[in-house]
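See structure below.
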Amino acid sequence: MITNKQHPGLHLSIHHGVNVSYDKAWRGREIALNSIRGTPKDSYAMLSTFSDVLIRNNPGTYTTEEADDEGRFKFYFMALAASIDAWNYCVPVIFVDGPAMKNKYLGTHISACTIDGNSQIVPLAFAVVDSENDFSWAWFFRNLKAIFGEHNKMVIVSDAYKSIENEFNVVYEIAEHGLCEFHLLKNLKKNHKSLPMEDSFNKCARA
């Protein structure tokens with residue numbers, strides 16, 4: 001079933017009595033949205049200004065960005081002052097993940113978070129990179145380490161993506177790397193579909 005939100009032309013026909021083709025209605029929608037909130041290109045162009053305003057209004061906030069040889073956006077990293085301060089009172093475990101972005105320019109959104117004494121999620125840092133690869137994860141980990149440090153009781157948890165393991169071992173010296181329970185179980189179920197393992201796995205993981 002196609003809803004009004006999925007088909008802007010249908011919405012115009014039902015609510016305003018105007019017959020517009022799907023393509024024309026969609027282009028009009030994009031023009032209207034861009035006039036309200038700007039284009040993705042505008043947003044990337046304003047990152048430096050955004051960082052300046054953010055740091056001015058949130059002293060202690062850390063941001064950095066990097067462009068390629070032609071001056072085009074490549075990486076951006078941000079950690080708010082409140083998150084940097086909160087890290088001192090949280091469990092020394094950092095969870096990192098890098099889902100793909102579904103927009104015009106694609107890329108990957110990397111995030112790092114931890115948990116506090118009440119088992120509540122605390123966001124630590126965010127990054128936008130060109131893709132998940134060795135270079136982008138190394139860049140992210142270097143910035144993460146520069147801000148949140150490293151000690152021998154610290155653990156960074158992730159999925160089994162090879163670039164994460166590779167660059168963690170390059171950047172960190174005494175911290176430990178662990179695999180996310182959810183992703184590990186997902187991979188086991190994918191590779192051993194005929195074996196009932198979820199209950200046993202969960203008991204082992206929580207032992």
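Some notes on this structure:
- At most 10 other Cβ within 10 Å, DSSP loop - GluC sites (Glu not before Pro), the stretch 26-117: E70
- DSSP-defined beta bridges in the stretch 61-205 - what % are antiparallel, rounded to 5: 75
- Derived scalar couplings ³J(HN,Hα) [the stretch 84-100; Karplus, 6.51 cos²θ - 1.76 cosθ + 1.60; whole Hz; x for Gly, Pro]: 4, 5, 5, 4, 5, 10, 10, 4, x, 10, 10, 9, 10, 8, x, x, 6
- Reachable aspartates and glutamates from K104, criterion Cα separation under 14 angstrom, eight or more residues apart if same chain: E30, D42, D130
- In this structure the amide hydrogen of H177, modeled in the peptide plane, comes within under 5 Å of the amide hydrogens of I156, none closer than 5 places in sequence on its chain.
FYI, it's all coordinate maths here, none of it is from the lab. Being a predicted model, the structure only gives us computed values, none of them experimental. All Cβ positions, glycine included, derive from the backbone under ideal geometry; neighbour counts span all protein chains shown.
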